[in-house]
Amino acid sequence: MEKPSNEIYESHVQVKVCGLTSVDEAVACARAGVDAIGLVFYPPSPRFVDDALAREIGESLPETVCPVGVFVDEPFAAIMKKVEKCRLGAVQLHGFEPPYLVYELIGAGIPVIKTFFTGRRPALSDLRAYPMSVCLVESGAGRHPGGNALAWNWCSVKGKLEDRPFILAGGLDPENVFDAIKEVLPDALDVSSGVESTPGRKDIEKVKAFVKAAGQLAPARKLRRIFQ
């Protein structure tokens, strides 16, 4: 994954499948055409992976698929340790992380995805306090950080994120992904439970269907490349 640039474009809406817990499933996702996979370093999550498994999964991926570490309110030093030990291509901050942490990570050369929520803080109104980086937006509803398989009013963010690359997440699945893209036209999509058989276990047929549906709509604008 490269630092976001308005001069780097993609011809399709990219797909990140999050919460991988198996090498075999990660490899199958890569073969299905995903652009990135997410490795969750949040212990309460049913999709949590330890360092050894995270590194094994990352090393199993082709260079075309970016391994993204997902963190919730971890300090800079802990994140950097995971980046180096697990060979992560980018980090995703999914908690109440302050702007200075994003500045620190970007300063260390780490591509950052910062999550903002429509139902709690940090909200889209907090965007200006953060440095220019990739933004992931979801509702923030449910018990755990993440989409919690809950669909929400995607149209509520339409036109609010045009100044930076952004990822749409929350309640996406193979049946609704086409409509979500048509309504919001994000640069990328993040899906987890919508392509699972049980928490943490991906249904590869659903992953294939999701990737196929995501690629059916011709973009109405140039899409900024997020994962590389």
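The values are calculated or read from the model by the stated rules, or taken from the named source; none is laboratory data. Predicted model, so just to flag it, every value in this text is computed and none were measured. Using ideal geometry, Cβ is built from the backbone for each residue, glycine included, and neighbour counts are taken over all protein chains shown.
Just a few scattered comments:
- Residue list for segment 213-222, restricted to those being under 18 Å from the mean Cα position of the chain (by Cα) and surrounded by fewer than 20 Cβ atoms within 10 Å (Cβ to Cβ): G215
Residue-wise test of (1) of a type in the set (V, I, T); (2) modelled with pLDDT of 95 or more.
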site	(1), (2)
K16	no, yes
R31	no, yes
A52	no, yes
S60	no, yes
V68	yes, yes
A78	no, yes
R87	no, no
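- When V65 is tested against (1) within 26 Å of L161 (Cβ to Cβ); (2) surrounded by fewer than 18 Cβ atoms within 10 Å (Cβ to Cβ); (3) among the β-branched types (V, I, T), only condition (2) is not met.
- Restricting segment 13-51 to residues that are among the polar types (S, T, N, Q) and more than 19 Å from Q228 (Cβ to Cβ), the residue that is surrounded by the fewest Cβ atoms within 10 Å (Cβ to Cβ): S22
- Residue in segment 109-129 that is surrounded by the most Cβ atoms within 10 Å (Cβ to Cβ), counting only those that are part of a strand (DSSP E or B) and among the aliphatic types (A, V, I, L, M): I113
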